Amino acid sequence: MRVHHLVAGRMAPPLGPPIICHVLLVEHPDGLTLVDSGLGRGDLADPQRLGPARHLLRPQAGVTAIDAVEAAGFDPSDVAHVVLTHLDFDHVGGAVDFPHATWHTTAAEWAAATSDIKAVEKTRYRSAHLGGSPIVQRHAGQGDPWRHGLSAIEVLDGITLVPMIGHTRGHAAVTVQGESGLVVHAGDAVFDASHYDPTLAKVGILRAFEKSVARIPKRLRTNHSALAALHTDPDATVINAHDTRVFPGAPG
Ligand SMILES: [Zn+2]
């Protein structure tokens with residue numbers, strides 16, 4: 001399967017470096033498939049619907065998933081699936097621009113964001129994205145044993161959710177068996193890519209931000225270790241959502 005890397009959002013936090021919403025567009029036999037979806041047109045037209053966190057992240061105008069899909073030469077109506085690492089607004093916001101697509105998420109994340117929402121999570125999950133009637137396939141359980149002590153749930157041929165809770169209660173990495181090897185989209189299981197790629201410089205502000213927004217902070221180190229192990233697998237490429245340095249072609 002061909003895998004395209006797209007920028008589906010740009011944000012300029014006042015306290016840190018510019019960050020992106022790094023998503024994948026997979027040419028899957030079952031239809032074009034997005035892995036994460038960044039921001040949507042409605043989010044940029046009406047940023048208030050993102051809640052108070054918009055002040056921390058400051059989404060920039062003009063960059064959304066649907067714009068990125070079009071710019072890559074694809075018809076947005078051909079997007080059949082959106083596989084989500086989690087349901088924070090900067091990952092699910094763009095999905096609403098593909099109303100015919102089936103969303104895939106862990107059952108734990110869907111529950112955390114909809115039926116079992118806690119006060120501490122109210123600002124991260126937004127009714128503008130989750131309050132409509134999306135077609136959602138919820139994937140329960142841990143899946144089958146996989147690499148480095150992790151497990152994997154196959155959601156489509158060659159695409160899996162790898163449960164990696166911590167940032168949120170139902171967060172998962174997403175793996176795609178691409179034509180050039182395995183791509184592991186870590187989502188927000190890590191913010192500073194130097195946690196898994198020691199050739200990169202440490203970015204303290206990203207590390208501090210990650211800790212401040214983690215739902216289960218004690219899980220972060222476990223996730224970073226697993227991603228570092230995956231990074232050493234010769235067939236695997238690990239990326240994460242927000243670190244601009246791991247976008248293909250970015251200066252290191
Ligand atoms: Zn995020």
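Values computed for the structure shown
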{"quantity": "Region 146-173 - residue that is in contact with a strand residue (DSSP E or B) (Cβ under 7 Å, 6 or more places away or on another chain) and within 16 Å of the ligand (Cβ to nearest atom) and, of those, nearest to E121 (Cα to Cα)", "calculated": "G170"}
{"quantity": "L44 being aliphatic (A, V, I, L, M) and either within 15 Å of the ligand (Cβ to nearest atom) or touching a His at 6+ places or on another chain (Cβ under 9 Å) (or both)", "calculated": "no"}
{"quantity": "Qualifying positions in region 1-37 - outside any strand (DSSP E or B), out of contact with any His (no Cβ under 7 Å at 6 or more places or on another chain) and surrounded by 18 or more Cβ atoms within 10 Å (Cβ to Cβ)", "calculated": "G16"}
{"quantity": "Scan of region 174-188 for residues that are surrounded by 20 or more Cβ atoms within 10 Å (Cβ to Cβ) and away from the ligand (no atom under 15 Å from the Cβ), ordered by number", "calculated": "T175, V176, V183, V184"}
{"quantity": "Spans of helices (runs of 4 or more DSSP H) in region 51-141 with at least 1 residues away from the ligand (no atom under 15 Å from the Cβ) and surrounded by 14 or more Cβ atoms within 10 Å (Cβ to Cβ)", "calculated": "65-71, 107-113, 127-130"}
{"quantity": "Cβ pairs under 7 Å, 6+ apart, first in region 46-64 and farther than 13 Å from G9 by Cα, second aliphatic (A, V, I, L, M) and part of a loop (DSSP other than H, G, I, E, B)", "calculated": "none"}
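Since every read-out is calculated from the coordinates, none of them should be taken as a lab result. If you're wondering where the values come from, they're calculated on a predicted model, not measured in any experiment. We place every Cβ from the backbone using ideal geometry, glycine too, and count neighbours over all the protein chains shown.
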